[in-house]
Amino acid sequence: MKILVHLSFQLRYLIASAGAGFLLVSATMAQSTFGSITGVVTDGSGGVTPGAEVSVTNSGTGAARKLTTGATGVFNVPNLDLGTYVLRVSAKGFSTYERTGLNLESNQVLNVNVELTVGSISSVIEVHAPSPTITTATRWRSRWSTPASSVASRCSASAAAFRR
């Protein structure tokens, strides 16, 4: 009887270990090595620009993805390989917008809002600036984004200290 109980315990331990290993492998395989570039296309007055043509090109491979913005002017290019990208946006009656040096990392969502300026089709507005890393898929918040109640209490404390 003791042998059966001991064997039963070992069998349960083996099955539990195999299940945990399977879950660990599944979770590891579910991690993505892709990123995405998203944003809103607007005109100089802040109005959305539907029907704008958006092109995202990987600088290293030359692979390009093209799409057109919807009625809200929003674009989203998901499942992009990691690397450096060039974003190009054009719309009828506006100058073409081009931004280079967008560095995309694993699981990163780059938010690039585009403001088109009125101009001819032949003019191109180029933006040469390092892309800021904005991670939207994290649970961490910066020290500046705090709940309103926390801000109010800090302001009260600062005002009290100032009156002294």
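Derivation of every value follows stated rules applied to the coordinates shown; laboratory data play no part. All of these numbers come straight from a predicted model, not from anything done at the bench. Please note: Cβ atoms are built from the backbone with ideal geometry, for glycine as well, and neighbour counts cover all protein chains shown.
Percent antiparallel among DSSP beta bridges with both residues in segment 35-128, to the nearest 5? Provide the component values of the computation, followed by the final result.
On the way: 24 of 34 bridges.
In segment 35-128, approximately 70 percent of DSSP beta bridges are antiparallel ones.
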### Query
Please identify the trypsin sites (Lys or Arg not before Pro) of segment 55-95 that satisfy two criteria: DSSP loop assignment and at most 14 other Cβ atoms within 10 Å. Which are they?
Lys92
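Taking the highest mean first, how do the peptides 77-84, 42-49 order by number of other beta carbon atoms within 10 angstrom per residue?
Values: 77-84: 14.8, 42-49: 12.6.
By packing density, highest mean first, the sequence is 77-84, 42-49.
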